[in-house]
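Participant: Following this message is one structure expressed as structure tokens.
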Amino acid sequence: MIIEPRMRGFICLTSHPDGCAQNVKNQIEYVKSKGAINGPKKVLVIGASTGFGLASRITAAYGSGASTIGVFFEKAPSEGKTASPGWYNSAAFEKEAHAAGLYAKSINGDAFSKEIKEKTLATIKADLGQVDLVIYSLASPVRKHPDTEVLHRSTLKPIGSTYTNKTVDFHTGNVTEISIEPANEDDIANTIAVMGGEDWTMWIDALKAENLLAEGATTVAYSYIGPALTEPVYRKGTIGRAKDDLEATAFTIADKLKDINGKAYVSVNKALVTQASSAIPVIPLYISLLYKIMKEEGIHEGTIEQIQRLYAERLYTGGEVPVDEKGRIRIDDWEMREDVQAKVAKLWEEATTETLPSIGDLPGYRSDFLSLFGFEIDKVDYQKDTNEIVAIEGLVD
């Protein structure tokens, strides 16, 4: 079939297997070009199929020669219907990894569930014995609690008062004003239940109970802070409360790992175009302005550049891992430079539908968004018939 992007709001309903495969190959080549990292050898990535999780798996495998197990929840293809992009990404990663002689297996299902945890633990026990790095990179909007079976839904809302600011429709370039009503206590509690640290703790507890964490094992979860202008709706809103909980959890987990000399960190990453961030009002406009500035300064990074730098310059230098006053790794350091943020704040005031084409990088935003789904990738022929049915070689039954 000829596969084209079909959009509904901030979601693309189709994905391109060849485009996703080329995107994965590009990330692999980038990591290989940066040289070897004296890093992990047996890695579990929870949320391994897109964004930072996929980049983490690629960096571990091709930077350090690691065996990897990836956990994700993706839609398989069916005749006439494409898979979700994470399915094609994972299929491409495994094909490349196996060809390179690297161990790689994947588990598809609800990472919040006891069933998927048990299947993952059994796979580690049978194949790897133990893991020395656990990456926690889930970005689900919904969580069914494994004990209570309550379905929790996260929300993106300010706390205390209505938030009003600019946003952009990145398809049309129209800059408008948006207002978001404040959260109630249930909204806050549900968002923490989905995006906070409880499930991360459950994973580490389960792994440790079965002696599946190697001596000196490290676990890392990903977070975001962002600029003052998005604070009310992000860092000081419902998602911010969840991130606070996640970041506090790192200290709890670190205490649990002391007896094996293990470490737990939260890495604060840069604002990037992801499926999750595209759904957040204000963020597409902020990113389009940020990209313009960071590209001009020569300090722009995508997910793979961020994570390769995290491994090579923070986690695996052979010395102490540098952290901020709250114990967090800051790989958002270039984004949050004072000069960069001052320029963004100035452009924000100037941003309108008319000015954005010249002061922002909306084409870059759109291109990055479409590339998440395997579109607008160089070296891919989008006019040819493409087989939508692609298997993941190492998928665990």
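The values are calculated or read from the model by the stated rules, or taken from the named source; none is laboratory data. Because the structure is predicted, anything quoted here is derived from the model rather than measured. A quick note on method: Cβ atoms are made from the backbone with ideal geometry, for glycine too, and the neighbour counts reach across all protein chains shown. What goes into the accessible areas is simple: the full protein's heavy atoms, side chains included, and nothing from ligands, DNA or RNA. Shrake-Rupley method; radii C 1.70, N 1.55, O 1.52, S 1.80 Å.
Participant: What is the one condition in (1) more than 20 Å from P40 (Cα to Cα); (2) open to solvent by 30 Å² or more (accessible area, probe 1.4 Å); (3) not polar (S, T, N, Q) that R143 does not satisfy?
Facilitator: Condition (2) is where R143 drops out.
Participant: Restricted to the stretch 234-253, and to residues that are surrounded by fewer than 18 Cβ atoms within 10 Å (Cβ to Cβ) and of a type outside the set (G, A, S), which residue is modelled with the lowest pLDDT?
Facilitator: K236
Participant: Out of the residues in the stretch 70-119 that are out of contact with any Leu (no Cβ under 8 Å at 6 or more places or on another chain) and basic (K, R), which is least open to solvent (accessible area, probe 1.4 Å)?
Facilitator: Once the filter is applied, the top-ranked residue is K117.
Participant: Out of the residues in the stretch 284-303 that are part of a helix (DSSP H, G or I) and open to solvent by 10 Å² or more (accessible area, probe 1.4 Å), state the one that is nearest to N174 (Cα to Cα).
Facilitator: K292
Participant: Then there is this: Give the residue, chosen from E149, E181, that is surrounded by fewer than 20 Cβ atoms within 10 Å (Cβ to Cβ), touching a residue at least 12 places away in the same chain (Cβ under 8 Å) and charged (D, E, K, R).
Facilitator: It is E181.
Participant: Also, I was wondering about something else. Here are some conditions: (1) surrounded by 18 or more Cβ atoms within 10 Å (Cβ to Cβ); (2) in a helix (DSSP H, G or I). E313 meets all but one. Which one does it not meet?
Facilitator: E313 satisfies every listed condition except (1).
Participant: For the stretch 97-215, which fully contained strands (runs of 3 or more DSSP E) count at least 3 residues that are closer than 18 Å to L257 by Cβ?
Facilitator: 131-136
Participant: Of everything in the stretch 264-314, what is under 15 Å from F52 (Cα atoms) and basic (K, R)? Give them in sequence order.
Facilitator: K270, R309
Participant: Consider the stretch 196-215. How many of its residues are open to solvent by less than 50 Å² (accessible area, probe 1.4 Å) and free of Cβ contacts under 8 Å to residues at least 60 places away in the same chain?
Facilitator: 3
Participant: Would you mind telling me which numbered condition in (1) farther than 28 Å from V175 by Cβ; (2) part of a loop (DSSP other than H, G, I, E, B); (3) modelled with pLDDT of 95 or more G318 fails?
Facilitator: (3)
Participant: Kindly indicate the residue of the stretch 338-375 that is without any contact (Cβ under 8 Å) to a residue 12 or more places away in the chain and in a loop (DSSP other than H, G, I, E, B) and also farthest from K270 (Cα to Cα) among those meeting that condition.
Facilitator: Step by step, filter the stretch 338-375, then rank; the result is E354.
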